[in-house]
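What follows is calculated from the coordinates using simple rules that are stated; it is not laboratory data. It should be emphasised that the depicted structure is a prediction, and the values quoted were computed from it without experimental measurement. So basically every Cβ, Gly included, is an ideal-geometry build from the backbone, and we count neighbours across all protein chains shown.
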Amino acid sequence: MIRSEIFRDIAPRLRDQLVICNIGLPSQELHMIDDQPTNFYMLGTMGLASSIGLGLALAQPKTVIAIDGDGSVLTNFGTLPTIANNVADNFILLIIDNGSYGSTGDQPTYAGKKTSLAAVARACGCGNVVECRAEETGKALQAALDSRKMTIIVCKCESGNIKVPVITKDPVVIRDRFMTAVTA
Amino acid sequence: MSINKKIVDDFVANDVTFITTVPCKQLGSVMEEIETRPEIYHIPANKEDEGMGLCAGAFMGGKRPAIIMQNTAIGVTINTLVTLIQFYRMPLPMLISYRGELKESVACQVEMAVHTKALLNQLRIPTYHFHQQDDAREFDTILKYTFMCNKPVAILTDATFWEGS
Ligand SMILES: [Mg+2]
């Protein structure tokens, strides 16, 4: 399974949650598959989906799912100790780990080699770290939602991209629509 | 009243209740003061761009955020300031320790100081420079201005300013 197939699979579970989606193809795919006002699409700033998600979860009570990539977590490793030490039980970090920098042409990441993101997250002090296969993502996500405990899911999947249009929505429109959904 | 208390009082009066910090020697006392306020959620960040991500999320969650950092962080955060804070039009007061100014003892700090205002100007970030303690009288107004216009705003605070406390 590749990332877009996972998105198709878990879209019904994401639909009712606040979602912060990673820059590039992840946001473009989610936008194409199931655009929702509860989705915040990152159009720039690689690596900060988990930080934005944690800030949002700490600021209000609704559940927040940050969808990140292995490359993006590698670029902002400092996020994991911050998450571990500021527990927000309404926060789920879903790392789609395809072992490559998908948006830039599938160059390999270290997460696809020797480095285990789940082990790093645990070493940083994060509780409830779950590693799963792509096919199990929906189940793992539902378990995390049901547990109401801060959870990090590392979903190991194949690399590969589909053709998707870029997001042409204005960033202020995305942000305003999202903030309206947060308070709805 | 101590300058640290005044600054944090202004944060609280303006409902700034989510503050992320990356330490600097000059800012130690203001961070200590923040820790004493139950109204403020203080979340230390490991890097300033991470801190700005936290602030962006908190803002979208209905909180008024702020970041406290050193001017060297301008070099770290240009992309985040431009493609997140400015692109999505988010307010962000940045209380910045202006290292490398008069009374600096570490030469390397001057290397970033000489670029600080030029970079902020290039980014079209409204910038205020606190040099004398009296300058902090405007802090309350600067916070109101920041949340009125939904922009990042820089408040540079130099060694002379902090020495007066
Ligand atoms: Mg990847």
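Some points to look at:
- Pairs with Cβ under 7 Å, 6+ apart, first in segment A:99-114 and in contact (Cβ under 8 Å) with a residue 60 or more places away in the chain and closer than 18 Å to residue A:134 by Cα, second near the ligand (Cβ under 8 Å from one of its atoms) and in a strand (DSSP E or B): A:102/A:69
- Residue match in segment A:166-174 (condition: in contact with a Leu (Cβ under 8 Å, 6 or more places away or on another chain) and surrounded by fewer than 16 Cβ atoms within 10 Å (Cβ to Cβ)): no
- Residue A:92, sole failed condition from (1) in a helix (DSSP H, G or I); (2) away from the ligand (no atom under 16 Å from the Cβ); (3) of a type outside the set (D, E, K, R): (1)
- Some residue of segment A:133-147 being part of a strand (DSSP E or B) and not hydroxyl-bearing (Ser, Thr, Tyr): yes
- Note on segment B:50-68: residues that are under 15 Å from the mean Cα position of the chain (by Cα) and facing chain A (nearest Cβ under 7 Å) amount to 5.
- Of the candidates A:160, A:127, the single residue that is out of contact with any Leu (no Cβ under 9 Å at 6 or more places or on another chain), in contact (Cβ under 8 Å) with a residue 60 or more places away in the chain and in a loop (DSSP other than H, G, I, E, B) is A:160.
- Members of segment A:47-65 found to be in contact (Cβ under 8 Å) with a residue 60 or more places away in the chain and facing chain B (nearest Cβ under 7 Å), listed by number: A:56, A:60
- Just one residue in the set A:47, A:71 is within 16 Å of the ligand (Cβ to nearest atom), closer than 20 Å to residue A:129 by Cβ and assigned to a helix (DSSP H, G or I); that residue is A:71.
- Residues of segment A:95-150 that are within 16 Å of the ligand (Cβ to nearest atom), more than 16 Å from the chain's Cα centre (by Cα) and polar (S, T, N, Q): A:104, A:107, A:109, A:115, A:116.
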